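Just so it is clear, none of the values below were taken in a lab; they were calculated from the coordinates. Everything numeric in this text was worked out from a predicted model, so none of it was measured. All Cβ positions, even for glycine, are placed from backbone atoms using ideal geometry, and neighbour counts span all protein chains on display.
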Amino acid sequence: MKLNRIGALLIITFWLSISAAAQSDSSQTEEEVMGVLDAFMASFSASDPEAHTATYHFPHFRLAQGNMASWQTREDAINVHKFLFKNLPSTGWYRSEWIDRKIISISDSKVHVATRFRRLREDGSEIVVTESLYVLTKENGRWGIKLRSSYL
């Protein structure tokens with residue numbers, strides 16, 4: 001009977017240590033993913049195509065307004081974003097910011113993040129609030145945005 005209790009305690013201790021390690025890994029993944037999303041938004045608001053596309057993995061995909069856009073290389077994405085950042089201010093846009101972000105699925109190589117963000121004018125008034133889904137993947141030891149889907 002005593003041996004069964006010791007065995008049970010060993011199993012529980014082993015399970016708890018594995019669970020704690022998994023939570024620690026998950027917390028680190030969450031921090032790294034949120035860091036990528038922070039850099040994504042900061043570089044977008046700074047109209048910096050090089051820094052912005054550094055948050056992507058390629059090929060990169062964006063589903064918006066019923067159309068799937070894809071960029072095979074970083075250079076492709078930089079060129080598109082140069083055009084976007086040149087023209088976006090004509091809509092009244094000054095910057096964008098996250099309202100909230102929630103990880104809805106997580107593994108050691110892929111994370112799904114449900115987001116809400118807003119586009120703002122220079123005076124701080126809202127242009128639009130929208131929801132998006134971001135899929136980040138870990139490739140070659142680095143987290144990056146592989147796919148995003150939004151209504152803009």
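List the aspartates and glutamates whose alpha-carbon lies under 12 Å from that of LYS82, not counting same-chain residues fewer than 8 positions away?
Qualifying aspartates and glutamates at Cα under 12 Å: ASP48, GLU50.
Report ³J(HN,Hα) in whole Hz for each residue of region 136-143, in order, from the Karplus equation J = 6.51 cos²θ - 1.76 cosθ + 1.60 where θ = phi - 60°; Gly and Pro get x.
10, 10, 9, 10, 6, x, 10, 7
Net charge near GLU131, counting Lys/Arg +1 and Asp/Glu -1 over other residues with Cβ under 12 Å of its Cβ?
Working: positive: ARG101, LYS102, ARG116, ARG118, ARG148; negative: ASP100.
Computed value for this residue: +4.
Long-range amide H contacts for TRP93: which residues qualify at under 5 Å (H placed 1.01 Å from N, peptide plane, sequence gap of 5 or more or a different chain)?
Excluding prolines and chain starts, which carry no amide H, there are no hits.
Among TYR151, TYR56, which comes first, then next, by fewest other beta-carbon atoms within 10 Å?
Working: TYR151 11, TYR56 21.
Least crowded to most crowded, the residues run TYR151, TYR56.
For LYS110, list the lysines whose Cα falls under 22 Å from its own Cα; do not include residues on the same chain fewer than 8 positions away.
LYS102, LYS138, LYS146
Once amide H atoms are placed 1.01 Å from N in the peptide plane, what residues at a sequence separation of 5 or more from LYS110, or on another chain, have their amide H within under 5 Å of its amide H?
For LYS110, whose amide H was placed from the backbone, the distant partners under 5 Å are LYS138.
Grab the beta carbon distance between GLU139 and ARG95, set R0 = 30 Å, and tell me the FRET efficiency rounded to 0.05. Kindly include the intermediate steps, with their values, before the conclusion.
Numbers: r = 29 Å, r/R0 = 0.97.
With R0 = 30 Å, the Cβ-Cβ based efficiency is 0.55.
Hey, quick one: spin label on GLU30, modelled 7 Å out along Cα-Cβ, who in region 100-121 has an amide N within reach, i.e. under 11 Å?
Inside the label zone: 102-104.
For a quick check: sort ILE104, ILE78 by the number of other beta carbons within 10 angstrom, fewest at the front.
Fewest-to-most Cβ neighbours within 10 Å comes out as ILE104, ILE78.
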